[in-house]
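Structure, as C-alpha cells:
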Amino acid sequence: MEQQDYIQIAEENLIHTYNRYPIVLERGEGVYLYDVSGKKYLDFGAGIAVFALGYQNKAYNDAVKAQVDRLIHTSNLYYHVPLAEAAQKVVKASQMDRVFFTNSGTEAIEGAIKLARKYAYLKENRTDHEIIAMQHSFHGRSLGALSVTGNVKYQEPFKPLIGGVKFAEFNRLESVLEQITEKTCAIILEPIQGEGGIYPADLEFLQGLREVCDQRDILLIFDEIQCGMGRTGSMFAWQQYGVKPDIITMAKALGCGIPVGAFAAVERVAKALVPGDHGTTYGGNPLACAAVSKVLDLFEELHLVEHVRENSAYLEAGLDRLVEKYDSVKARRGRGFMQGLELTIPVGDIILKALDLGLILISAGSNVIRFVPPLVITKENIDEMLSILQKAIESVL
Ligand SMILES: *Cc1c(COP(=O)(O)O)cnc(C)c1O
C-alpha cells in the first residue's frame, strides 16, 4: 500500500478532529523521522514537545521493553517497584513533596483543580470557590481543563463548562488582582504559554502572583506540561524564575512517548486529598512508571538540562537572524528549546513547504512557528533546520 492509501483508510475511519499533515510516519532514529515511503525528516516538533531523548535511545527502549516482559499493569490497589522509584524521582526533580500519576496532561489538570478545590473546601467548608486562569492559555480538552483554557473557540460548543472560572490577562498583575475575591482558591497558568503562541511570563508577574497567593492563601498552580522537563534550560521552568508553585502539572516529555502525566504538590496542599477523593485505573502503572523512572535517570546521565542551556543561545541567534532578514518574520520569543517565531502572515504554507523539504515544524496559533525539538539536538541539527526553514520562508514570499 502507498502512503495515500493509509491516509484514506485513516480518514474513512477516524472521527475528524485533526487536519493531519499528509505523511504517514513509520520509524524514528535520533532526531530524524521516516515516513512509509522512506523519506527522512529532521524533527523539530518531537511529537509536540514529547520525545526529549530523541528516537531509539537504547537505554530507554530497553527499560520499556524489559518492563513489558515483567509486568505492564497492576491497578492502583497495589504497590509496585517502578511506582516507588518514579514517585521519588519526580518529587526530587520538581522539588514538590508528593505526586499523583495520570495518563495525560489534561488529567493532570483535572487532578490539580480537584486538589485546589478540596484544599479550599477543608479550610472554609464552602463549595463556591473560584479559579483564576489566563487568557490565551491552554490546559487540555477534558471539561475541567477546557474550563480553564482561555480560548473561546475551543470552549463555546461544549458549554456549560465547570463554574467558578474567571480569566485574567497574562503578564498583567493588575488584571489578576482585579479578579481576586474571598472565593478565589487558585490561580492557574503556564510559566511559558505554549499553544497560545510561546509567551514567557515576566519575572515580576510571577513574583507578584506568588506574593498575593501567600497573603491570601490562594494556591498557585503552574502548568508545566509543555515547558517542564528540561525544555527551557532547567528541569522545570519555575526553577529559573525562582517562583515556586504550590501545585505543578507535568506530562508530555515525562514519559517520552509512553502516555503519562502527573500533578505534584507541596505537603501542606497534597495532604488535602485522601483515599476516595481521586483515582485512576491506569495512571502510574508499571509500564508508565518504568518509562518515567528511566527518563529521569537519562536526563541526569546525558546532562540534558545543561545541554539545553549550552545550545539554546545558538538556536536563538539563528532565529533572530531570520527576524532581521525577513520583513514578514516579526519576532522571536521563548526560553531554551521552547521557541516561537511570530510572522506577519499565516505559517501553514511555510510548515507544509518545510515538510516537503524534510523538516517537521509545528505551529502555535496561526502566525507562530513553534520550535520544540528533541532536547538532544546539536548545533549541526540547528543549522540544518535553519537552512531548510529559510528555503521554506522564501518559497512563500
Ligand atoms: C499539551 C498540554 C496540555 C494537555 O496535555 P494532553 O496530554 O494533550 O492532555 C495541557 N497543558 C499544556 C501547557 C500543554 O501544552
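The values are calculated or read from the model by the stated rules, or taken from the named source; none is laboratory data. Nothing here was measured: the structure is a model prediction, and the numbers come from that model. Cβ atoms come from the backbone with ideal geometry, glycine included; neighbour counts cover every protein chain shown. Surface accessibility is based on the protein's heavy atoms, side chains included, excluding ligands, DNA and RNA. Shrake-Rupley method; radii C 1.70, N 1.55, O 1.52, S 1.80 Å.
For Glu310, neighbours were defined as the other residues whose beta-carbon sits under 13 Å from its Cβ, and their charges (Lys and Arg +1, Asp and Glu -1) total 0. Taking the accessible area of segment 254-397, probe 1.4 Å, and keeping the other protein chains in place, the carbon and sulfur fraction comes to 51%. Hydrodynamic radius of segment 261-369 by the Kirkwood approach over all distinct alpha-carbon pairs: 17.8 Å.
Dividing the summed -39500 (n - 2.57) terms of all DSSP H runs of n ≥ 4 by the residue count of the chain sets its mean residue ellipticity at 222 nm at -12500 deg cm²/dmol.
In the assembled protein chains, Leu14 presents an accessible area of approximately 80 Å² (probe radius 1.4 Å).
Counting only protein heavy atoms, what percent of the accessible surface of segment 161-203 is carbon or sulfur at a 1.4 Å probe?
46 percent
The charge dipole of segment 313-397, taken about its Cα centre with unit charges on the Cβ of Lys, Arg, Asp and Glu (plus for the first two, minus for the last two), comes to roughly 240 debye.
When the Cα centres of segment 153-223 and segment 227-299 are compared, how far apart do they sit, in Å? Value for the Cα centre distance between the two parts: 20 Å.
Between Glu324 and Leu143, what length comes free when the chain is fully extended (0.36 nm per residue of separation minus the Cα-Cα distance, one decimal in nm)? Could the numbers behind the result be given before it?
Values: separation 181, 0.36 × 181 = 65.16 nm, distance 4.20 nm.
Working it through step by step, the gained length comes to 61.0 nm.
Taking all protein chains as they are arranged and a probe of 1.4 Å, the heavy atoms of Lys114 leave approximately 90 Å² accessible to solvent.
Placing a pseudo-label 7 Å from each Cα along the Cα-to-Cβ vector at Gln390 and Gln56 gives an inter-label distance of 3.0 nm.
Kindly express, to the nearest 10 degrees and within the range 0 to 90, the angle between helix 3-13's C-alpha long axis and the longest C-alpha principal axis of the chain. Once rounded, the angle reads 30 degrees.
The angle between the Cα long axis of helix 105-124 and the main principal axis of the chain comes to about 20°, on a 0 to 90 degree scale.
Top to bottom by accessible area (1.4 Å), largest first, where do Thr149, Thr106 land? If you can, show how the numbers build up before the last one.
Details: Thr149 0, Thr106 35 Å².
My answer, sorted largest first, is Thr106, Thr149.
So, counting K/R as plus one and D/E as minus one, what does the shell of residues with Cβ under 11 Å around Ile221 add up to? Local net charge: -4.
Pairs Lys118/Lys244; Lys39/Lys353; Lys89/Lys294; Lys118/Lys271; Lys159/Lys252: which exceed 18 Å Cα-Cα? Present the calculation step by step, with values, prior to reporting the outcome.
Numbers: Lys118/Lys244 20 Å; Lys39/Lys353 15 Å; Lys89/Lys294 10 Å; Lys118/Lys271 10 Å; Lys159/Lys252 27 Å.
In this structure, Lys118/Lys244; Lys159/Lys252 exceed 18 Å between Cα atoms.
Accessible area per residue for segment 64-133 is 55 Å², calculated with a 1.4 Å probe on protein heavy atoms, without ligands, DNA or RNA.
In plain terms, the chain from Asp217 to Asn13 could stretch by 68.5 nm, reckoned as 0.36 nm per residue minus the Cα-Cα distance. For the chain, with only Lys/Arg (+1) and Asp/Glu (-1) charged at the beta-carbon, what is the dipole magnitude about the Cα centre, in debye rounded to 20? So the dipole magnitude of the chain works out to roughly 580 debye. Per residue, the solvent-accessible area of segment 138-193 (1.4 Å probe, heavy atoms of protein chains only, all protein chains present) comes to 45 Å².
Once all protein chains are placed together, Lys252 keeps about 50 Å² accessible to a 1.4 angstrom probe.
Measuring between their Cα centroids, segment 39-73 and segment 342-363 lie 25 Å from each other.
Per residue, segment 267-374 exposes 42 Å² of solvent-accessible protein surface, assessed with a 1.4 angstrom probe and all protein chains in place.
All other residues whose Cβ lies under 14 angstrom from that of Glu12 are scored, Lys and Arg at +1 and Asp and Glu at -1, for a net of -1. Computed from Cα positions, the angle between helix 58-70 and the longest principal axis of the chain comes to roughly 60 degrees. Heavy-atom accessible area, probed at 1.4 angstrom with all protein chains present, ranks Glu224, Glu26 as Glu26, Glu224, highest first.
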